[in-house]
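The next block holds one structure in the form of structure tokens; read it before the comments.
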Amino acid sequence: MAPERDERGRDERVLPEVDDDLDVESYERLTGRRRARLLRQRIVFVVVVVLVLAVGGGAYLVWSDRWQPGRAATPSAAPTPSCTPAAPPALLAPGEVTVDVLNGTDRRGLAASVAGELRARGFVVASVGNAPTPVGPGTAVVTYPEGSVQQAVTVAARFADVQLVADPAATAVTVSLGDGYQQVLGEDALVVPLPPGSPTC
């Protein structure tokens, strides 16, 4: 059987029991208070549900070791800066390089022989002679003044295990031959050295 409704369309079963002699204003005030009470109860219920879910979720995260309150976050390792090794200077054409050739060994005619080989490659050989001091067991030492690093590297690329030395007092690129010298490297087997002070990794 359908619930009876009054002329305003309200369900009589949900209305508070009131004395029949209440006027309309008092009746409306009583029903408004009940609506407010129901609204407060619903708000409290929602807040309780949210709190329960939050506590339960936090407990699950702690239990599953996904969240550890009180533990400081582990700082991420700082990225290691990458190292880019220096590239050797570009070689010049032999005809653009003037070089002095010195014999730093006791092998007679060595400087003249190497000077002839360098001339055949296109280098300009300015002078040939003996080094003021022995070079030692190394292959060769190429000294150069400031601003002539490309010329020095171009010469040094023709010698295996060469040593490059920047000399502020030098006036020309000079190759001094040592006891370890064997031959001038072929043009298809050049080894380009790095100038002193170049970053390496």
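Any read-out appearing in this document is the output of simple, stated calculations on the displayed coordinates, not a laboratory observation. All values reported here derive from a predicted model rather than from experimental measurement. Note: ideal-geometry Cβ built from the backbone for every residue, glycine included; neighbour counts use all protein chains shown.
Report yes if residue 114 is more than 30 Å from residue 82 (Cα to Cα) and in contact with a strand residue (DSSP E or B) (Cβ under 8 Å, 6 or more places away or on another chain), otherwise no. Even if it seems obvious, please write down each step before you answer.
On the way: more than 30 Å from residue 82 (Cα to Cα): yes; in contact with a strand residue (DSSP E or B) (Cβ under 8 Å, 6 or more places away or on another chain): yes.
When the stated conditions are applied, residue 114 passes them.
Of all the residues that make up the stretch 110-158, how many are under 36 Å from the mean Cα position of the chain (by Cα) and of a type outside the set (Ser, Thr, Tyr)?
Residues that pass the stated criteria total 13.
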